[in-house]
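Colleague: What follows is a structure written as structure tokens; I'll ask about it next.
The values are calculated or read from the model by the stated rules, or taken from the named source; none is laboratory data. Quantities reported herein were computed from a predicted structural model and do not represent experimental measurements. We place every Cβ from the backbone using ideal geometry, glycine too, and count neighbours over all the protein chains shown. Surface areas here come from the heavy atoms of the whole protein model, side chains and all, with no ligands, DNA or RNA. Shrake-Rupley method; radii C 1.70, N 1.55, O 1.52, S 1.80 Å.
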Amino acid sequence: MTDKAVIAAHDVHRSFDSGKHVLRGVDLDIPRGSVVGLLGKNAAGKSTLLKCILGLLRIDEGTMRVFGEDAWWLSAESKARLGYVPQEVKLYPWMRVRQMIAYTAAFYPSWNSAMVDRLVREWELPPDDRIGPLSVGQLQKLAIILALGHEPELLVLDEPVASLDPVARRDFLRAILEFTQNENRTILFSTHITSDLERVADRVAILRGGRIVFHDGLDTLKESVKRLRITAAEELPPTFAVRGSLHMEVAGRSALVAIAEANDRLIDELRTQWDATIDVEDLSLEDIFLEMHHVG
Amino acid sequence: MHEPAFRFTVHPSSGLPIYRQIMDQVRALIAGGHLGPGDLLPSVRQLAAELEVNMMTISKAYNRLEAEGVIERVRGTGMRVRPPDARRSLADRRDEVRPLVEQAVIRARQLGMDDAQISELIQSILKEHPS
Amino acid sequence: MLGRQVRQVLRVYTTYLTFWAYVLLWGLWHLLYPPILSGDFIALFMIAFMNGMIGAGIGRTLGVQFANPRARLMPEFSTAHLLIAGGFVAIAVSTDVTLALLCEASALRVFAMSIGAIGLSILGTLNFGRMKRVSTLLWVALIVLFCAVPNPDESLLLKRLVADPLFQATFGCLGLAAMVAAGRQLIRLSEDSPGYDALDDGVDWDRPIGYPTSRRQQELTKKAASFPPNRTRRDILFNLAFRHMPRPGRWRRAVLRQVVEGAVVLWVLPMQTLVLLMFLWTGNKGSDLLHDGDRFLVCFVPFLVAIGLSSNSWTIRRDHLARESLLPVGRKDFVRDMARATAFEMWVAAAGHCLVIVAALALFASEMPNAGFIGAWLALTVAQYFVGFSLMSWLNAYSPSCGSVVAMGVVCFAMPGMTAAVLAGANQGDSLFGGTVTLLGVAAIAAISFGRLAWYEWRQIDFD
């Protein structure tokens, strides 16, 4: 077993019967102990990628290994070390919350009842209520608890906070942070809410056009992607270009350029070339995401 | 352990990485006299729980500060603020301030100020912040 | 304007998979009409049954469409939907009447029976959610009534339905009135109406092709709100299963799965028993109980049950595949678990079927047929259940295509047909042994090949 990478995807392709080629060569290595946020536009293939990782969907080409095993043929032992919260939670509506927990627990060799009971209490889930009438948010909470119960080493969450209110979202983040205190545990989650990701994630993977276009530390991303506000001494020519720019707006003497890898040398070059003053702006993850997708 | 008389705040959505925000705040607290030499910083776990951020982020900030010589690790106790004189050589400190001053001077030149006006300005700022 | 809406509405209906299943079933069923329409009782029963099914289909689809905010917000919504539903009714009734005219049977009788059955069935289906107990009781009472008549041709109700034009006309009018009442009910339907939530119950399994799952989830949630807060049969089963099965293992998984899915087979058994008893009771009561006219129908029951059972439990299982496949069980073991669960249900159904046959022979037959005949009948019955099981296992894993539907149609009609032929031959003194063995061989080959196909597909399918 490769020691470091919990998930190792190499050149993963997957298309659907409808002819949609969703994943076009995904490479992704997720080291043990990291908290990775998976970002991408709607329909970028985030859920598909997560499902391929879990062996729910079969990949067309490439290799996908989880805990060093082929994801499609994951063994029972590996599955016992895996937790998953799907985007849409499907549970048996007739069951009570308590029964659903007991049912799930029955399949796992170890189950942390104390923690589960505590979470059920803290998250104000009614243990004796039927699952059917629960709200979507409550269902999601229950699914998260079910996925945490066996203390998995790898937790995969598909938009886990989408239907949670701000309070519940904070509770969830706290549970995740608590969960990561054990350094053996790895979390991979997809989300649209970048502010949550900025709190808990230490790495970011960005999925675009069926490929992972960025995968590195969140801090690295924030430190390398910058927006330059350039004011030149003279009118900028229409041919004005900056190496590695993601997005650019030029108007007269000033230009607004988002660049992927900002460094002092590049900025100095620009400064001398155009005799310009340059302000370097830090970008939030949301801004970076927008710049990378050429919007705004 | 005494209750620290200061609080950290972080803005995850700001462009500055969280670990940098924490580093800046530790520096500011030291500069402002809220943290003196020998004072203990909260533990990584404690601060991560308080700020609701990843523990790795906190330890990254502490490690950087340690590398810069602002704080030091005390076995079994945690992170302690180092006395200022032992921190860095004058050359080091000058290197850090130099780009900031340089940028200010360039901007002043662009605005058409002459040398005398610039040094006068610096003198007046120095007066406003007596050491 | 209305024309365009009607076209769009028609499109809504034709994207339901179930719609095409109904059309197929309806078409095949009508192939059986000409030889049977001459018989009084069987003809009436068949017309009532098929049109009742159509009515139930239309009623449920209308209920699903109208129990939706769209119904009150979109202009001309009700007109378009009711027009289309009316069209379906007209097609069904006119086909029956045409067939009756061609076969020189009484057109009025067929017309009255069709329209009466459809109308009452639509109204009944629309109000089923509201009066679940009452409607179920009515259905059971109706079946018991049919069964309990010693000689159907002599029962007053049936006699009048068969012969009295005034009575027939009244029944037809009753159906028409029921249709008008159903239409009125639908147009006036609002969220405050009793049974509103129960109306889209049907969505659970009657889903259009490509139905968005997020909406399905909402509907499922809403539907589940009707679950009773008190202890139910399943809670008790659940507690029992947990008390007595301490270790995780395949048997425990199998039992827990039956419990959480509600042991569908226990619901199917009484239905199966009633239908079989009805067929066997109303036969000519010779030594083999099999009347020439309905021998095929009797032999068709195993497939009917096998298809109904496995598609029913599959619809329950499908939604939970993703989660359950991630429980700590290897993929192959998981597939075996699923197969084991379906096989268990089939064994129960097949055993129940055999018991009913033996019981019916002991109770109703003029004399007990020889052991060879009973053995052949039971063996062929069990064989059919297992062909049905492997066929359905394959179809469930494999997304249905034209070819697989044709395969299913061929097998579903060939197996019962051959079974009926073998049993009929035995009745006329042909050698029973050769036919049975050949047929068992065919069944074994079919079961094994579909089983292999199923095993192959199951290892490949996405559990999503």
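Colleague: Say each of residue A:263 and residue A:20 gets a label point 7 Å from the Cα, pointing the same way as Cα to Cβ; how far apart are those two points in nm?
Modeller: Label-label distance for residue A:263 and residue A:20, simple model: 4.0 nm.
Colleague: Still on this structure: Compute the relative contact order of segment A:181-247 as a whole-number percentage, counting only Cα pairs closer than 8 Å that sit 6 or more residues apart in sequence. If you can, show how the numbers build up before the last one.
Modeller: Working: 26 pairs, mean separation 11.3, N = 67.
For segment A:181-247, the relative contact order is 17 percent.
Colleague: On to the next question. Need one value: the accessible area of residue C:347 in square angstrom, 1.4 angstrom probe, rounded to the nearest 10.
Modeller: Roll a 1.4 Å probe over it and residue C:347 shows about 150 Å².
Colleague: Along segment C:408-419, what does the Karplus equation 6.51 cos²θ - 1.76 cosθ + 1.60 (θ = phi - 60°) give for ³J(HN,Hα), rounded to whole Hz, x for Gly and Pro?
Modeller: Rounded to whole hertz, the list is 4, x, 4, 4, 5, 9, 5, 4, x, x, 5, 4.
Colleague: Summing Lys, Arg as +1 and Asp, Glu as -1, what charge do residues with Cβ under 9 Å from the Cβ of residue A:284 carry, residue A:284 excluded?
Modeller: Surrounding charge for residue A:284 is -3.
Colleague: Also, quick follow-up: Tilt of helix B:115-128 relative to the longest C-alpha principal axis of chain B, in degrees (0 to 90, nearest 10)?
Modeller: The two axes meet at around 40 degrees.
Colleague: Report, in degrees rounded to the nearest 10, the 0 to 90 angle that the Cα long axis of helix A:264-274 makes with the longest principal axis of chain A.
Modeller: Once rounded, one gets 30 degrees.
Colleague: Ok, one more. Residue by residue through segment A:158-168, what is 3J(HN,Hα) from phi via Karplus (6.51 cos²θ - 1.76 cosθ + 1.60, θ = phi - 60°)? Round to whole Hz and write x for glycine and proline.
Modeller: 9, 6, x, 10, 4, 10, 9, 6, x, 5, 5
Colleague: So if we plug the beta-carbon distance of residue B:72 and residue C:461 into 1/(1 + (r/R0)^6) with R0 = 56 Å, what FRET efficiency do we get, rounded to 0.05?
Modeller: Working: r = 59 Å, r/R0 = 1.06.
Using R0 = 56 Å, I get an efficiency of 0.40.
Colleague: While we're here: To the nearest 20 Debye, how big is the dipole of chain A about its Cα centre, given +1 on the beta carbon of each Lys and Arg and -1 on that of each Asp and Glu? Don't jump to the answer; show the numbers that get you there.
Modeller: Working: 35 positive and 44 negative charges, 201 e Å.
Here chain A has a charge dipole of around 960 debye.
Colleague: Also, quick follow-up: For Cα pairs less than 8 Å apart in space and 6+ apart in sequence, what is the mean separation divided by the residue count of chain A, i.e. the relative contact order in percent?
Modeller: Result for chain A is 19 percent.
Colleague: Provide the gained length on full extension for the span residue C:437 to residue C:449, in nm with one decimal, where the gain is 0.36 nm per separating residue minus the Cα-Cα distance.
Modeller: 2.5 nm
Colleague: With all protein chains present, how much of the accessible area of the protein assembly as shown (probe radius 1.4 Å) comes from carbon and sulfur, to the nearest whole percent?
Modeller: Working: 25590 of 42850 Å².
Carbon and sulfur: 60 percent of the exposed surface of the protein assembly as shown.
Colleague: Which angle between 0 and 90 degrees, to the nearest 10, do you get for helix B:55-68 versus the longest principal axis of chain B when only C-alpha atoms count?
Modeller: Helix B:55-68 and the main axis of chain B meet at about 50 degrees.
Colleague: Also, I was wondering about something else. Given the pairs A:51/A:79; A:20/A:79; A:46/C:332; A:51/A:90; A:20/C:332, which span a C-alpha to C-alpha distance of over 20 angstrom in this model?
Modeller: Too far apart for the 20 Å limit: A:20/A:79; A:46/C:332; A:20/C:332.
Colleague: Apply the Karplus parameterisation 6.51 cos²θ - 1.76 cosθ + 1.60, with θ equal to phi minus 60°, to every residue of segment B:31-40 and state each ³J(HN,Hα) to the nearest whole Hz, in sequence, with x for glycine and proline.
Modeller: 4, x, x, 6, 10, x, x, x, 5, 8
Colleague: Right, here's the next one. At residue A:170 and residue B:96, where each label point lies 7 Å from the Cα along Cα→Cβ, what is the point-to-point distance in nanometres?
Modeller: Going from the residue A:170 label point to the residue B:96 one covers 3.4 nm.
Colleague: Also, quick follow-up: Which percent, to the nearest 5, of DSSP beta bridges fully inside the protein assembly as shown are antiparallel? Numbers along the way, then the final one.
Modeller: Details: 46 of 63 bridges.
Within the protein assembly as shown, antiparallel bridges account for around 75 percent of the total.
Colleague: Mind listing which GluC sites (Glu not before Pro) in segment A:189-296 are in a DSSP loop and have 15 or fewer other Cβ atoms within 10 Å?
Modeller: A:234, A:235, A:261
Colleague: Please list, in chain and number order, the residues 5+ apart from residue A:129 or on another chain whose amide H is under 5 Å from its amide H, with Hs placed from the backbone.
Modeller: A:97, A:98
Colleague: Moving to a separate point now. Using amide H atoms built in the peptide plane, which far-off residues or other-chain residues are under 5 Å from residue C:330 H to H?
Modeller: Amide H neighbours of residue C:330, under 5 Å, 5+ apart: A:76.
Colleague: Something else about it: Using only protein heavy atoms and a 1.4 Å probe, how much accessible area in total is buried between A and B, to the nearest 100 Å²?
Modeller: Adding both sides of the contact gives about 1900 Å².
Colleague: So, one more: Looking at segment B:9-24, which residues lose a minimum of 50 Å² of accessible area between their chain alone and all protein chains in place, measuring with a 1.4 Å probe and not counting ligands or nucleic acids?
Modeller: B:12, B:13, B:15, B:17
Colleague: List the residues whose amide H sits under 5 Å from the amide H of residue A:15, counting only those 5 or more places along or on another chain, with H placed 1.01 Å from N in the peptide plane.
Modeller: Residues meeting the criterion, in which the H sits 1.01 Å from N, are A:22, A:60.
Colleague: What are the principal axis extents of the Cα atoms in the protein assembly as shown, in Å, biggest first?
Modeller: Rounded to whole Å, the extents work out to 124, 65, 47 Å.
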